[in-house]
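Engineer: Once you've had a glance at the structure underneath, I'll fire off some questions.
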Amino acid sequence: MNFDDFRSIERILYVRSIRNPGTSYVQGMNDLVIPFMSVFLSDVCSEDMNQWDNTTLTSQELYDAEADCYWCLCKVLDCIQENYTFAQPGVQKICFHFSELVKLLDEDLHEHLKQEGIDFLQFGFRWINCLMLREIPFHLFPRLWDTYVAESNQVGDFIAYFCAALLLNWATKLKAMDFQGIIVFLQHLPTENWTLVELETILSQAHLWRLVHQDR
């Protein structure tokens, strides 16, 4: 995609920062615009997504897409504002919840990670800060973010369950790894060939565990 030097994303984030002075830009926030931009530009761009060029759009088409992206981004970020305030306490809170869920669901894995010196923030911070956008293939973004929008004010809670379901998908393999192997694996999850089938499996597991354990 060619977003004309990403000025569209820059404008969206600039307006967001002006209207929400309590939050600030953090590394990776620009990633959060991409799922919405891909959806709304698909209405006016018929070519392969890799060939999109916003310089071929009319000003009105581009501004309409930017406006839709802005309001959808706000819909999600307004529900997790603490993720993007000073020291990002929201990210740390979700990461702690994530760790506790893994301990509840697979204590052996949790103990193995602890014995290998793995802190959940070492990998979970990026997962949560970028809302999993760097962990799954681009073409699956709309499905995942559809859930985020639907979860509304509960999206932070859901992300913790989704992270737990994703991690436990490889529990057996992780238990056989040492510190270095675990870190490398979790920073480059083998999801590049995933389809909706794999993503739906993780989403379903997250929803199920949340239904069963949400009061704990």
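Engineer: When you go through VAL76, VAL91, VAL102 one by one, which is the residue that is part of a helix (DSSP H, G or I), touching a helix residue (DSSP H, G or I) at 6+ places or on another chain (Cβ under 7 Å), of a type in the set (A, V, I, L, M) and under 28 Å from ASP43 (Cα atoms)? Show your work before the answer.
Structural biologist: Working: VAL91 fails: under 28 Å from ASP43 (Cα atoms); VAL102 fails: under 28 Å from ASP43 (Cα atoms).
Going through VAL76, VAL91, VAL102 in turn, the sole match is VAL76.
Engineer: Those residues that are surrounded by fewer than 16 Cβ atoms within 10 Å (Cβ to Cβ) and within 19 Å of LEU104 (Cβ to Cβ), I need them from the stretch 172-196; list them, please. Please lay out each step first, then the result.
Structural biologist: Looking only at the stretch 172-196, we keep the residues that are surrounded by fewer than 16 Cβ atoms within 10 Å (Cβ to Cβ), and these are 172-173, 175-176, 178-181, 184-185, 187-188, 190, 192-193, 195-196.
Listed by number, the residues that qualify are THR172, LYS175.
Engineer: How many residues does the stretch 151-171 contain that are under 16 Å from GLY124 (Cβ atoms) and either open to solvent by 80 Å² or more (accessible area, probe 1.4 Å) or not in a helix (DSSP H, G or I) (or both)?
Structural biologist: Total satisfying the criteria: 2.
Engineer: Can I ask one more? How many residues, within the stretch 7-57, are modelled with pLDDT under 80, of a type outside the set (A, V, I, L, M, F, W, C) and either open to solvent by 100 Å² or more (accessible area, probe 1.4 Å) or within 20 Å of PRO137 (Cβ to Cβ) (or both)?
Structural biologist: Step one: of the stretch 7-57, the residues modelled with pLDDT under 80 are 22-28, 43-57.
Add one more test, that the residue is of a type outside the set (A, V, I, L, M, F, W, C), and what stays is 22-25, 27-28, 43, 46-48, 50-51, 53-56.
Remaining after also requiring either open to solvent by 100 Å² or more (accessible area, probe 1.4 Å) or within 20 Å of PRO137 (Cβ to Cβ) (or both): 25, 27-28, 43, 46-48, 50-51, 56.
Looking only at that region, the number is 10.
Engineer: Looking at (1) in contact with a Cys (Cβ under 9 Å, 6 or more places away or on another chain); (2) in contact (Cβ under 8 Å) with a residue 40 or more places away in the chain; (3) open to solvent by less than 30 Å² (accessible area, probe 1.4 Å); (4) at positive phi, which is the only condition TYR148 fails?
Structural biologist: Checking TYR148 against (1) in contact with a Cys (Cβ under 9 Å, 6 or more places away or on another chain); (2) in contact (Cβ under 8 Å) with a residue 40 or more places away in the chain; (3) open to solvent by less than 30 Å² (accessible area, probe 1.4 Å); (4) at positive phi, the one that fails is (4).
Engineer: Right, next: Let me spell it out: the conditions are (1) within 30 Å of GLN205 (Cα to Cα); (2) touching a Lys or Arg at 6+ places or on another chain (Cβ under 9 Å); (3) open to solvent by 20 Å² or more (accessible area, probe 1.4 Å), and CYS74 meets all of them except one. Which number is the exception?
Structural biologist: (3)
Engineer: Exactly one of (1) at negative phi; (2) open to solvent by less than 50 Å² (accessible area, probe 1.4 Å); (3) modelled with pLDDT of 95 or more is unmet by LEU133. Its number?
Structural biologist: Of (1) at negative phi; (2) open to solvent by less than 50 Å² (accessible area, probe 1.4 Å); (3) modelled with pLDDT of 95 or more, only one is false for LEU133: (3).
Engineer: How many of the residues making up the stretch 149-181 are among the aromatic types (Phe, Trp, Tyr) and either under 15 Å from the mean Cα position of the chain (by Cα) or modelled with pLDDT under 95 (or both)? Can you show your working first?
Structural biologist: Narrowing the stretch 149-181 to residues among the aromatic types (Phe, Trp, Tyr): 158, 161-162, 170, 179.
Filter once more, so that each one left must be either under 15 Å from the mean Cα position of the chain (by Cα) or modelled with pLDDT under 95 (or both): 158, 161-162.
Qualifying residue count, the stretch 149-181: 3.
Engineer: Could you check how many residues of the stretch 111-130 are over 16 Å from GLN27 (Cβ atoms), open to solvent by less than 30 Å² (accessible area, probe 1.4 Å) and without any contact (Cβ under 8 Å) to a residue 40 or more places away in the chain?
Structural biologist: 1
Engineer: May I ask you to list the residues in the stretch 182-196 that are of a type in the set (Val, Ile, Thr), within 17 Å of the chain's Cα centre (by Cα) and part of a helix (DSSP H, G or I)?
Structural biologist: The answer is none; no residue qualifies.
Engineer: Inside the stretch 197-211, can you point out the residues that are loosely packed, with under 15 Cβ neighbours inside 10 Å, more than 16 Å from the chain's Cα centre (by Cα) and at pLDDT 95 or above? Steps first, please.
Structural biologist: The first filter runs over the stretch 197-211 and keeps only residues loosely packed, with under 15 Cβ neighbours inside 10 Å, leaving 197, 200-201, 204, 208, 211.
Still in the list and also more than 16 Å from the chain's Cα centre (by Cα): 197, 201, 204, 208, 211.
The answer is VAL197, THR201, SER204, LEU208.
Engineer: Follow-up. Tell me which of these TYR84 doesn't satisfy, since it passes every other one: (1) modelled with pLDDT under 90; (2) among the hydroxyl-bearing types (Ser, Thr, Tyr); (3) surrounded by fewer than 20 Cβ atoms within 10 Å (Cβ to Cβ).
Structural biologist: Only one criterion in (1) modelled with pLDDT under 90; (2) among the hydroxyl-bearing types (Ser, Thr, Tyr); (3) surrounded by fewer than 20 Cβ atoms within 10 Å (Cβ to Cβ) is unmet by TYR84, namely (3).
The values are calculated or read from the model by the stated rules, or taken from the named source; none is laboratory data. Note that the coordinates shown come from a computational prediction; the quantities given were computed from them, not determined experimentally. Positions of Cβ are backbone-derived with ideal geometry, glycine not excepted, and every protein chain shown enters the neighbour counts. In case anyone asks, the SASA skips ligands and DNA or RNA and just uses the protein heavy atoms, side chains included. Shrake-Rupley method; radii C 1.70, N 1.55, O 1.52, S 1.80 Å.
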